[in-house]
Amino acid sequence: MKKIERNIFNSFNIYYRYYKKTGLYSFVISNIIKIFLVLVFVFILAFVINKFIIKLSELPEYLVDNFSTPLVLLSFFISESILGLIPPDFFILWVSEFDNFYLMVGVLGFVSYLGGLAAYGIGVSIRQIPSIKQRVLKFYSTHVDKIKKWGSLFIIIAALFPLPYAVACTVAGAMKFPLKNLLFIGIFRIARFFIYAPIVIQIL
């Protein structure tokens, strides 16, 4: 038993030192700080919009009344598949008007999950064209480096933190990152919406 415990401790220590050496912990801390700064920015922006442009309490109702649910979800899926063009928290504001709020938050999470898989598929397609693959991997060399160093952990961080999840998934597809790993990791993307939803609604 003591030998097993010692082996577990040694393995944990090896991983700890490796991640510390490669900068994983500082990367996570910097993203936690980014979350705080983003929330501060959103709070200030919400205050300005609410005071000088439109009452934010009226915005969700306006969005629901003027844009059909399938159209908004399709737009969100496209955004989550291609570079993460629209901040996902905007869509959390949209579903706040629904009676079944957390059900819709779950729908958003699932759509984002599917968007990540679609982005991965785009990466696989890019992999088939060497010239484009080379350009993409060079342009996103930072992502390539982090996936090489941290593997699934980087995808999890991209799923939870304010990083372009679609880009991370596209690069993963281009790098032959295992699809079965991404299918499991996508659960963290869904969880992200349930974590952020109460915060976004409280601020806005």
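Couple of notes before you dig in:
- Residues (open to solvent by less than 10 Å² (accessible area, probe 1.4 Å) and more than 13 Å from ALA197 (Cβ to Cβ)) located in region 96-119: GLY115, GLY116, ALA119
- Among residues of region 78-105, those that are in a helix (DSSP H, G or I) and either aliphatic (A, V, I, L, M) or closer than 15 Å to ALA159 by Cα (or both), counted: 12
- Condition broken by LYS133, with the remaining ones in (1) open to solvent by 30 Å² or more (accessible area, probe 1.4 Å); (2) touching a helix residue (DSSP H, G or I) at 6+ places or on another chain (Cβ under 6 Å); (3) under 24 Å from PHE76 (Cβ atoms) satisfied: (3)
- Condition check for PHE184: crowded, with 18+ Cβ neighbours inside 10 Å, free of Cβ contacts under 8 Å to residues at least 24 places away in the same chain and part of a helix (DSSP H, G or I): no
- Set ILE199, ILE147: member being open to solvent by 20 Å² or more (accessible area, probe 1.4 Å), modelled with pLDDT under 95 and part of a helix (DSSP H, G or I): ILE199
- Residues satisfying the stated conditions in region 109-126, i.e. more than 9 Å from GLU80 (Cβ to Cβ) and not aromatic (Phe, Trp, Tyr): GLY109, LEU117, GLY121, ILE122, GLY123, VAL124, SER125, ILE126
- Total residues in region 150-166, condition farther than 26 Å from VAL40 by Cα and open to solvent by less than 30 Å² (accessible area, probe 1.4 Å): 2
- Single unsatisfied condition, PRO164 versus (1) at pLDDT 90 or above; (2) under 26 Å from GLN128 (Cα atoms): (1)
- Scan of region 19-31 for residues that are open to solvent by less than 90 Å² (accessible area, probe 1.4 Å) and at negative phi, ordered by number: TYR19, THR22, LEU24, TYR25, SER26, PHE27, VAL28, SER30, ASN31
- Consider region 83-95 and keep the residues that are open to solvent by less than 80 Å² (accessible area, probe 1.4 Å) and hydrophobic (A, V, I, L, M, F, W, C). The one that is farthest from VAL40 (Cα to Cα) is VAL95.
The values are calculated or read from the model by the stated rules, or taken from the named source; none is laboratory data. Note that the structure is predicted; figures quoted are calculated from it, not measured. Don't worry about glycine lacking a Cβ; one is built from the backbone with ideal geometry, like all the others, and counts go over all protein chains shown. For accessibility, only protein heavy atoms count, side chains too; no ligands or nucleic acids. Shrake-Rupley method; radii C 1.70, N 1.55, O 1.52, S 1.80 Å.
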